[in-house]
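Asks: I'd like to ask you about the structure that follows.
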Amino acid sequence: MVESPVPPPPSARRATRAAIVLAAGHDAASRDLLTRPLGDSTVAQLALANVRALVPADRIVVVVAPGETTLRDLLGEPGEAVDDDAVDRADRPG
């Protein structure tokens, strides 16, 4: 009988994780929702805190609306923040 390999410790598994947080919203009202208070924080801050509990900050990318500064200021440096315009351009051929 072949024994299954021993799984890596949680710290090793955590290092291989990455996350993309979609925070661009399809309109201003959607983006406004992310900055609303929820408890002692905001919706966006709580969502990012949950991601940070599982993924190292340097492996997190937050996608925000073009020119969005409110969320960038609110979230600080979660990892890398990119405009959704850049994501759209990257998906287009040519």
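Values in this text are rule-based calculations from the coordinates and carry no lab data. Just so it is clear, the model here is predicted, and its values are computed rather than measured.
Asks: For segment 55-72, what does the Karplus curve 6.51 cos²θ - 1.76 cosθ + 1.60, with θ = phi - 60°, yield as ³J(HN,Hα) per residue in whole Hz, taken in order and with x for Gly and Pro?
Replies: After applying 6.51 cos²θ - 1.76 cosθ + 1.60, I find 10, x, 4, 6, 10, 10, 10, 10, 9, 10, 5, x, x, 5, 10, 4, 5, 4 Hz.
Asks: With θ taken as phi - 60° and the coefficients 6.51, -1.76 and 1.60, list the Karplus ³J(HN,Hα) couplings across segment 28-44 in order, rounded to whole Hz; mark glycine and proline as x.
Replies: Computed from phi, the couplings for segment 28-44 are 4, 5, 5, 5, 4, 4, 5, 9, 6, x, 9, x, 8, 9, 10, 4, 5 Hz.
Asks: Taking amide H positions as placed 1.01 Å from N in the peptide plane, with prolines and chain starts having none, which residues 5 or more places from V21, or on another chain, fall under 5 Å of its amide H?
Replies: Residues meeting the criterion, in which the H sits 1.01 Å from N, are V61, V62, V63.
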